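Working notes, beginning with the structure itself.
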Ligand code: SF4
């Protein structure tokens with residue numbers, strides 16, 4: 001896979017080295033078990049995959065190059081390039097301004113933007129409506145476009161489904177910029193509907209089987225279906241596409257339910273006519289990171305730490321997975337580990353940070369499972385390891401441990 005030029009301060013001594021070792025050892029990514037880094041009194045179990053993905057590195061490279069190549073120009077980003085506060089602050093410190101937040105709330109009015117400005121399109125992509133607005137202002141929408149190719153792949157798959165007269169069901173969050181962009185592209189070609197979870201898929205299933213009244217659909221899915229959506233006709237042929245921000249296992253459960261629904265309604269022999277196989281829309285990084293987290297969950301640990309931006313849906317899903325087994329602390333960086341007795345962490349249910357005392361158990365040796373989101377730099381994970389190591393005496397040297405892992 002292509003490698004990118006990203007600022008060196010995002011790379012790290014321990015994690016980047018460890019990733020390289022695992023990659024050389026398992027280039028085909030068959031092994032999803034974590035790596036154990038045993039420092040003596042504390043052992044870290046590091047997930048097989050996490051951190052910057054292709055799309056994130058590509059976006060960071062383009063954004064920094066744009067800043068370097070255009071001194072004196074006003075540079076805007078449509079919204080957060082990725083959901084990591086450090087990466088966004090870094091760009092803001094270099095003069096980049098955000099036009100809106102992740103949910104489309106405007107910080108800079110459109111009339112303040114003109115053809116002399118540069119507008120960077122983030123990795124999540126944007127809607128056709130915003131793209132056309134930028135074109136009208138004679139702003140280049142190609143050169144500074146960091147849309148991830150794996151996001152575009154979902155748009156292309158939706159378009160293909162549309163050409164075959166399938167309705168596109170998007171498993172995503174209706175307000176998230178990635179889903180808004182996919183919906184905007186998909187509805188150009190075919191009727192489209194956004195569903196958030198298995199509960200909403202159950203409503204669609206009941207609708208297909210005529211178990212609930214059609215009027216309920218329009219009430220329930222207000223704002224989430226394309227204009228002119230016709231329940232009676234547009235749910236006869238469907239395909240499900242997945243957003244990178246969702247849990248892969250949930251998309252699978254949704255697809256399985258709708259597939260079964262079609263078999264029930266039309267018979268297994270007619271399935272192909274009514275349900276499109278779309279297993280290929282899941283991005284590799286989401287797949288790898290979630291599979292590696294499931295691999296981490298198979299191990300035994302005293303606690304788990306997930307590092308990443310609190311707005312990152314991808315990272316929140318890693319927290320959800322680990323919470324099923326471990327006491328899990330979701331932190332944005334090492335500064336959230338206030339001392340060996342106190343940690344400040346984000347609660348994904350209440351969506352607030354809270355403080356927990358005595359998060360490290362009193363044991364002769366403790367094991368901590370660690371992973372991070374696709375928008376988290378390796379250097380932040382290193383900082384977390386180093387902060388935790390500083391609470392223990394007699395720990396081994398990280399370089400020695402890495403050397404011992406070499407074949
Ligand atoms: S998580 Fe996947 S789709 Fe999203 S930016 Fe990374 S590679 Fe692209």
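Results, tabulated for the structure shown:
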item: Breaking point among (1) in contact (Cβ under 8 Å) with a residue 60 or more places away in the chain; (2) part of a helix (DSSP H, G or I), for residue 123; result: (2)
item: Odd one out for residue 59, checked against (1) under 25 Å from residue 331 (Cα atoms); (2) away from the ligand (no atom under 12 Å from the Cβ); result: (2)
item: Scan of the stretch 94-120 for residues that are within 16 Å of the ligand (Cβ to nearest atom) and either touching a strand residue (DSSP E or B) at 6+ places or on another chain (Cβ under 8 Å) or not in a loop (DSSP other than H, G, I, E, B) (or both), ordered by number; result: 120
item: Options 159, 152; residue that is surrounded by fewer than 18 Cβ atoms within 10 Å (Cβ to Cβ), free of Cβ contacts under 8 Å to residues at least 40 places away in the same chain, within 16 Å of the ligand (Cβ to nearest atom) and in a helix (DSSP H, G or I); result: 152
item: Among residues of the stretch 206-236, those that are in contact (Cβ under 8 Å) with a residue 60 or more places away in the chain and either exposed (fewer than 14 other Cβ atoms within 10 Å of the Cβ) or assigned to a helix (DSSP H, G or I) (or both), counted; result: 1
item: Filter result for residue 59 (crowded, with 23+ Cβ neighbours inside 10 Å, modelled with pLDDT under 95 and farther than 18 Å from residue 184 by Cα); result: yes
item: Identity of the residue in the stretch 65-82, away from the ligand (no atom under 13 Å from the Cβ), outside any strand (DSSP E or B) and in contact with a helix residue (DSSP H, G or I) (Cβ under 8 Å, 6 or more places away or on another chain), that ends up nearest to residue 2 (Cα to Cα); result: 67
item: So residue 89, is it surrounded by fewer than 18 Cβ atoms within 10 Å (Cβ to Cβ), farther than 30 Å from residue 32 by Cα and either under 22 Å from the mean Cα position of the chain (by Cα) or within 16 Å of the ligand (Cβ to nearest atom) (or both); result: yes
item: Qualifying residue in the stretch 204-218 (condition: under 28 Å from residue 129 (Cα atoms) and at pLDDT 95 or above); result: yes
item: Selected residue (only one of 55, 51 is assigned to a helix (DSSP H, G or I), under 26 Å from residue 313 (Cα atoms) and touching a helix residue (DSSP H, G or I) at 6+ places or on another chain (Cβ under 8 Å)); result: 55
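So that you can scan it fast, the table gives a plain yes or no per residue for (1) in a strand (DSSP E or B); (2) more than 16 Å from the ligand (Cβ to nearest atom); (3) modelled with pLDDT of 95 or more; (4) touching a helix residue (DSSP H, G or I) at 6+ places or on another chain (Cβ under 9 Å):
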| site | (1), (2), (3), (4) |
| --- | --- |
| 264 | no, yes, yes, yes |
| 280 | no, no, no, yes |
| 285 | no, no, no, yes |
| 320 | no, yes, yes, no |
| 330 | yes, yes, yes, yes |
| 339 | no, yes, yes, no |
| 355 | yes, yes, yes, no |
| 364 | no, yes, no, no |
| 368 | yes, yes, yes, yes |
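The values are calculated or read from the model by the stated rules, or taken from the named source; none is laboratory data. Predicted model, so just to flag it, every value in this text is computed and none were measured. Virtual Cβ from ideal backbone geometry, glycine too; neighbours counted across all protein chains shown.
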